[in-house]
Structure formats: C-alpha cells, structure tokens
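Structure, as structure tokens:
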Amino acid sequence: MAEIIRIIGIDPGLQRTGWGIVDVAGNRLSFVAAGLVKSTADESLAARLVELHDGLAEVIRAFTPDEAAVEQTFVNVNPTSTLKLGQARGIAMLVPAKAGLRVAEYAPNAIKKAIVGAGHAEKRQIHHMVRILLPKAEFEGDDPADALAIAICHAHHRPSLQTAMRLAGMR
C-alpha cells in the first residue's frame, strides 16, 4: 500500500485566504477539507496579518499536513494591493514553514496547466476539474477551490521535485 501524504494548498489573500487539504497515496487523490481564513477589513494591517497567521496555524494543527504549497503572487496594477498581497503570502509561507513543513511555490499558470491542461484557464474550468478530480470535495467560493487546485498541482509535481532534491543531495 502506498504511503499517504497530506498536502495543504494555500491561496493567499489579505481579506480571504483559501486553504484546501488532500491526501495523496501513489497517484490517488482524496479530499480532506477546504475553507477560508478571513481577516477583519476595518482592523489594522498588522492585526489582519495576525488573524491570517492564527487561522492558518489552527488549520495546520487540526489537519496535520505533511507538505504545503502556496500560489506565487502575481503583480497587480495597484502597487499597494500587490504589497498587501505579498504580506499575506508571507504569512501563508511562514505558518507551514514554522510547523516544519516543506513549502513549494507554484505560479498561477502552472497550477492552471496542472489542473485543466492549459495555463490560461478560467476559474469555472478550474472549479469543474477540481470537482472531477475530487468528487467528494465540498467547498464554497473561489478561494477554497483555488487552494485545492494548488494542492492537486503539488501532488502532481511531488515526484519530480523529490527526484530533483535527491539529485541535489537535499532531504
């Protein structure tokens, strides 16, 4: 029987950070859970980052994933929004790293290509394929669906990442 690896995918955002967890056994995927960590819009930036930190830390404590994957930040037209998204992304990487998880990063186009087969897929196409790949998945909205897509993308890329790390002499 194949070893089961639990992966958390994280779709960072300052207002809403989506998370999705899958179990991988060989090439078989199983839905575990998905949801949102929200921050309070009228709080200070620092307080909002603490809310994201604490929410993600609780998800990781509750579901004990083995590995994490985070979507890379794309550049917005608005530099202030890009900076705030980058700070939320920093929290999304810090929390699993502090829990001892290896954190992989994937560009949005790489995620879309892994899920749909095309790097410029629309959200509805991604959601449709997530539901096909994880028929028991329960999620509401874009952020948890995107987080599940990130976890699935990582599940697909794990074997080649492990080989590359072995060749580089890393654990």
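None of the figures in this text is laboratory data; all of them are computed from the coordinates on show. Worth saying up front: this structure is predicted, and the values here are computed from it rather than measured. We place every Cβ from the backbone using ideal geometry, glycine too, and count neighbours over all the protein chains shown.
Key figures for this structure:
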| quantity | calculated |
| --- | --- |
| Lys, Arg +1 and Asp, Glu -1 on Cβ, resulting dipole of segment 46-94 about Cα centre, debye, nearest 20 | 240 debye |
| All lysines inside 25 Å of LYS113 as judged from Cα atoms, apart from same-chain residues fewer than 8 positions distant | LYS123, LYS136 |
| Computed [θ] at 222 nm, deg cm²/dmol, the chain (DSSP H ≥ 4; -39,500 (n - 2.57); rounded to nearest 500) | -16500 deg cm²/dmol |
| Contour excess over end-to-end distance, with Cα ends at PHE63 and ALA2 and 0.36 nm allotted per residue | 20.0 nm |
| Value of Rg to Rh for segment 26-119 (Rh from inverse mean 1/r over Cα pairs, i.e. Kirkwood) | 0.99 |
| Antiparallel DSSP beta bridges within the chain, as percent of all bridges there, nearest 5 | 65 percent |
| Size of electric dipole in the chain: Cβ of Lys, Arg +1 and of Asp, Glu -1, about Cα centre, debye, nearest 20 | 500 debye |
| Extended-chain gain in nm, criterion 0.36 nm per residue less alpha-carbon gap, LYS136 and ALA46 | 28.8 nm |
